[in-house]
Amino acid sequence: MNTVPLSQRPILITMGDPAGIGPETVVQLFRRWPALTRGCVVVGDVACLRRAIQVTGGSLPVAVLQAPTDVADVPPDCLPVWPAGALEAPVPW
């Protein structure tokens, strides 16, 4: 049984298709609206999300989490990522 109250559980957001616009869209969401995305966690490939940060211009620190509930310890203005497994190679666009 989960002992974390529902109101304190993180919201998980998938990065989408690594060859699509999902990673860039997620990065822009966290960059533009940090207060709105506080407590949310991106599930996906860390390298792909770092590439999306570079492609969209600007910087956004990445916090790699061991568990989604670790998001409570992530500083503001970071992209909290829970790795869903690494891709074998970068996916071409």
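Is the stretch 1-61 best put as rounded, prolate or oblate by its Cα gyration tensor, with a ≥ b ≥ c the root eigenvalues, rounded for a/c under 1.5, and otherwise prolate when a/b is larger than b/c, oblate when not?
prolate
How much of the accessible area of the chain, in percent, comes from carbon and sulfur atoms when a 1.4 Å probe is used?
That share works out to 61 percent.
What residues of the stretch 6-31 lie in the reach of a label at residue 66, counting those whose backbone N is under 11 Å from a point 7 Å from the Cα along Cα→Cβ?
none
Once a ≥ b ≥ c are taken as the square roots of the eigenvalues of the Cα gyration tensor of the stretch 30-90, is the result rounded (a/c under 1.5), prolate (a/b larger than b/c) or oblate (a/b not larger than b/c)? It would help to have the intermediate numbers written out before the result.
Details: a/c = 2.40, a/b = 1.16, b/c = 2.08.
Oblate.
For n ≥ 4 DSSP H runs only, could you compute -39500 (n - 2.57) per run for the chain, divide by its residues and tell me the 222 nm figure to the nearest 500? Intermediate values should be presented prior to the final figure.
Numbers: 3 runs with 25 residues, N = 93.
Theoretical 222 nm ellipticity from helices: -7500 deg cm²/dmol.
Over the stretch 1-54, what relative contact order in percent results from Cα pairs under 8 Å that are six or more residues apart?
Computed over the stretch 1-54, the figure is 45 percent.
Give me the angle, in degrees from 0 to 90, between the Cα long axis of helix 46-55 and the longest principal axis of the Cα atoms of the chain, rounded to the nearest 10.
Helix 46-55 sits at roughly 60 degrees to that axis.
Can you give me the accessible area per residue for the stretch 1-86, using a 1.4 Å probe, in Å²?
It amounts to 59 Å² per residue over the stretch 1-86.
Using only Cα atoms, tell me the angle between helix 22-32 and the longest principal axis of the chain; keep it within 0 to 90° and round to the nearest 10.
With both axes taken from Cα atoms, the answer is about 60 degrees.
Counting only C-alpha contacts under 8 Å and six or more residues apart, can you give the relative contact order of the chain as a whole percent?
Result for the chain is 32 percent.
The values are calculated or read from the model by the stated rules, or taken from the named source; none is laboratory data. What you see is a predicted model; the values in this text were computed from it and never measured. All Cβ positions, glycine included, derive from the backbone under ideal geometry; neighbour counts span all protein chains shown. What goes into the accessible areas is simple: the full protein's heavy atoms, side chains included, and nothing from ligands, DNA or RNA. Shrake-Rupley method; radii C 1.70, N 1.55, O 1.52, S 1.80 Å.
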